[in-house]
Amino acid sequence: MAVPLTKRVLDAAKPREKEFFAWCGSLPGFGARIYPSGRKIFVAQVRIGRSQRRIKIGPFGALTVEQARERAAAVIRAAADGRDPQRDKRELRAALTVEELCDQYMDAARSGLVMTRFRKVRRSTTLNVDAGRSPGTSGH
C-alpha cells in the first residue's frame, strides 16, 4: 500500500549516513530529500525530454507538506505540458526588471534616440519629467 507523505512520516524519518528520499505514495514524483545533517528538502522529480530532473520545492518547516505538495503538483503539471520548470525559473531571473527597462529608456532618450510622435527629439524638460517617473532614478 502506498503511503502518502505526511508531517508524521517526515518527523519520523531519521537521518542516515548518506542522504535518502522519502517518496509520496499519493503524488508520484513528490518527495523529500533527507540529508545526513537532518535537513529535509521537498523535491519534485520530473522527466523533461529524455532526462529526469529533481526540482527543489523548499525546506520542510518553512513549508508544510500540503503547501509543498501543491507546488510539486504545479511543477509536475508544467513538465507534463512540455515546459521545463528549471529553464522557466532561469529565464525569470534573467528577465529585465521595470527599473532596468526604465534606465535603458532614459539612456536612449538622453542620447536622442527616442522621438516624439512628430519625429522630433524629446526636449530636456520632458526627459526631466520622465526621469521623475522612473523607479530608481532621481531626475538626473
message: Looking at the stretch 57-72 only, could you name the residues that are exposed (fewer than 15 other Cβ atoms within 10 Å of the Cβ) and within 17 Å of P15 (Cα to Cα)?
response: P59, G61
statement: Filter the stretch 48-67 for residues that are at pLDDT below 90 and not in a loop (DSSP other than H, G, I, E, B); the one that is nearest to S37 (Cα to Cα) is R53
- request: Consider A44 carefully, then state whether it is of a type in the set (G, A, S), in a strand (DSSP E or B) and more than 19 Å from Q86 (Cβ to Cβ).
  value: no
Residue that is surrounded by the fewest Cβ atoms within 10 Å (Cβ to Cβ), among those in the stretch 73-111 that are more than 30 Å from S124 (Cβ to Cβ) and β-branched (V, I, T): I76
message: Given the options A79, A74, name the one that is farther than 17 Å from F21 by Cα, assigned by TED's automatic domain parsing to the domain that holds R16, assigned to a helix (DSSP H, G or I) and at pLDDT below 90.
response: A79
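Please verify whether R54 is surrounded by 12 or more Cβ atoms within 10 Å (Cβ to Cβ), in contact (Cβ under 8 Å) with a residue 60 or more places away in the chain and out of contact with any helix residue (DSSP H, G or I) (no Cβ under 9 Å at 6 or more places or on another chain), treating the condition exactly as stated.
no
The values are calculated or read from the model by the stated rules, or taken from the named source; none is laboratory data. Just so we're clear, the structure is a prediction, and the values are computed from it rather than from any experiment. Glycine also receives a Cβ, built like all others from the backbone with ideal geometry; neighbour counts cover every protein chain displayed.
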